[in-house]
Amino acid sequence: QVQLVESGGGLVQAGGSLRLSCAASGPSFSRTIHTLGWFRQAPGNAREFVATTTWAGRNIKIADSLKGRFAISRDNAKNTVYLDMNNLKPEDTAVYYCGANPWGTDATEIGGYEFWGQGTQVTVSS
């Protein structure tokens, strides 16, 4: 089993910044997981792709609408992936989830993610 724990969410004014962290654990993590990703889900909406990064390499993908504001990074030694969010907008308000994909499939698709954290709430006020 792979465990994922998100942190760093909170309330921020529009234009502000937050850094989200996802700490991964499990004895088989490094040899099992191909990609870590961030997805978000607003109430009543489907979970949507935000950003992903491969674990062994540095193949990074960011949703087109978020490029220039969001960035994903990782610290392999700490088994942690980060999401840096800048110039936040009210429409960024959502629960942000960290997912782990053990397959080499399209990292932007939810179907490939086998493990999920509990999510962290990000609320952006006007």
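The values are calculated or read from the model by the stated rules, or taken from the named source; none is laboratory data. These figures come from a predicted structure and were not determined experimentally. Here the Cβ is made from the backbone with ideal geometry for all residues, glycine too, and neighbour counts use every protein chain on show. When the accessible area is computed, the model is the full protein with side chains, heavy atoms only, and any ligands, DNA or RNA have been set aside. Shrake-Rupley method; radii C 1.70, N 1.55, O 1.52, S 1.80 Å.
A single member of Ser21, Ser17, Ser28 is small (Gly, Ala, Ser) and out of contact with any strand residue (DSSP E or B) (no Cβ under 7 Å at 6 or more places or on another chain), and it is Ser28. Checking Asn86 against (1) of a type outside the set (Gly, Ala, Ser); (2) more than 11 Å from the chain's Cα centre (by Cα); (3) more than 17 Å from Gly57 (Cα to Cα); (4) open to solvent by less than 30 Å² (accessible area, probe 1.4 Å): exactly one of these is not met. Which one? For Asn86, the failing item is (4). For Tyr113, the requirement of being touching a Gly at 6+ places or on another chain (Cβ under 6 Å) and among the aromatic types (Phe, Trp, Tyr) is met. In region 89-126, which residue that is hydrophobic (A, V, I, L, M, F, W, C) and within 22 Å of Gly26 (Cα to Cα) is surrounded by the fewest Cβ atoms within 10 Å (Cβ to Cβ)? Among those that are hydrophobic (A, V, I, L, M, F, W, C) and within 22 Å of Gly26 (Cα to Cα), it is Trp103.
Apart from one condition, Arg40 fits all of (1) at pLDDT 95 or above; (2) assigned to a strand (DSSP E or B); (3) over 15 Å from Trp116 (Cβ atoms); the exception is (3). Of all the residues in region 1-27, those that are outside any loop (DSSP other than H, G, I, E, B) and either surrounded by fewer than 19 Cβ atoms within 10 Å (Cβ to Cβ) or aromatic (Phe, Trp, Tyr) (or both) number 11.
Ser30 meets the conditions (1) touching a Phe, Trp or Tyr at 6+ places or on another chain (Cβ under 8 Å); (2) surrounded by 13 or more Cβ atoms within 10 Å (Cβ to Cβ) in every case but one. The failed one is (2). Listed by position, the strands (runs of 3 or more DSSP E) inside region 49-126 whose residues that are free of Cβ contacts under 8 Å to residues at least 40 places away in the same chain and under 28 Å from Gln13 (Cβ atoms) number at least 2 are 60-62, 70-75.
Among the residues of region 43-76, those identified as at pLDDT below 95, polar (S, T, N, Q) and open to solvent by 50 Å² or more (accessible area, probe 1.4 Å) are Asn59, Asn76.
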